[in-house]
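Undergrad: Below you will find the structure I want to go over with you.
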Amino acid sequence: MNPATARIFASGNCTHEGRLIVASTELIVLIVGDSGLRSALIARLSLDGESLVTLEVDPEDPALERIAPSQSILVIDGSRLDGRLQVLAESGRWGGIIALADAAAETRMDRVSVLDRKSALVEIRETLRRWRAADQGH
């Protein structure tokens with residue numbers, strides 16, 4: 001993977017007495033081709049205090065381990081999955097997968113959502129909130 005393809009947006013992070021403090025609990029990995037949608041997601045998620053990285057890479061690339069630790073949240077264009085959504089979900093590599101598609105769809109997989117890209121700005125935030133509430137037992 002070319003290091004130039006990774007952009008890290010860590011506005012959810014800050015330093016205190018020389019130590020890095022991470023505001024969000026997971027890193028969000030954006031693999032979104034549409035530059036307008038990608039920019040809007042970066043802005044919205046950064047304002048929400050999320051830590052994220054944008055990449056142009058296959059979601060199964062082993063080099064991702066160096067950038068995005070296991071259990072990161074993957075937000076990806078559904079068209080880039082090539083029918084691999086279930087394989088990625090069952091791999092245990094991702095803490096959650098949000099696929100962006102032309103229309104929302106139900107899945108029977110835990111912590112996997114297929115969202116309509118037109119409502120992604122709102123629905124991604126709601127999905128993350130719901131997953132985190134479930135993790136806290138609420």
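The values are calculated or read from the model by the stated rules, or taken from the named source; none is laboratory data. Quantities reported herein were computed from a predicted structural model and do not represent experimental measurements. Note that each Cβ is placed from the backbone with ideal geometry, even for glycine, and that neighbours are counted across all protein chains shown. In case anyone asks, the SASA skips ligands and DNA or RNA and just uses the protein heavy atoms, side chains included. Shrake-Rupley method; radii C 1.70, N 1.55, O 1.52, S 1.80 Å.
Undergrad: Which condition number in (1) among the charged types (D, E, K, R); (2) open to solvent by 80 Å² or more (accessible area, probe 1.4 Å); (3) at pLDDT 95 or above is the one that ARG38 fails?
TA: The one condition ARG38 does not meet is (2).
Undergrad: Would you be able to say whether some residue in the range 87-97 is open to solvent by 50 Å² or more (accessible area, probe 1.4 Å) and of a type in the set (Lys, Arg)?
TA: Within the range 87-97 (the criterion being open to solvent by 50 Å² or more (accessible area, probe 1.4 Å) and of a type in the set (Lys, Arg)), the answer is no, since none of the residues qualifies.
Undergrad: Something else now. When you scan the range 61-79, how many residues do you find that are open to solvent by less than 70 Å² (accessible area, probe 1.4 Å) and more than 14 Å from the chain's Cα centre (by Cα)?
TA: The total comes to 2.
Undergrad: Considering only the range 109-120, state which residues are surrounded by fewer than 17 Cβ atoms within 10 Å (Cβ to Cβ) and at pLDDT 95 or above.
TA: Once the filter is applied, which keeps residues that are surrounded by fewer than 17 Cβ atoms within 10 Å (Cβ to Cβ) and at pLDDT 95 or above, the range 109-120 yields ASP116, LYS118, SER119.
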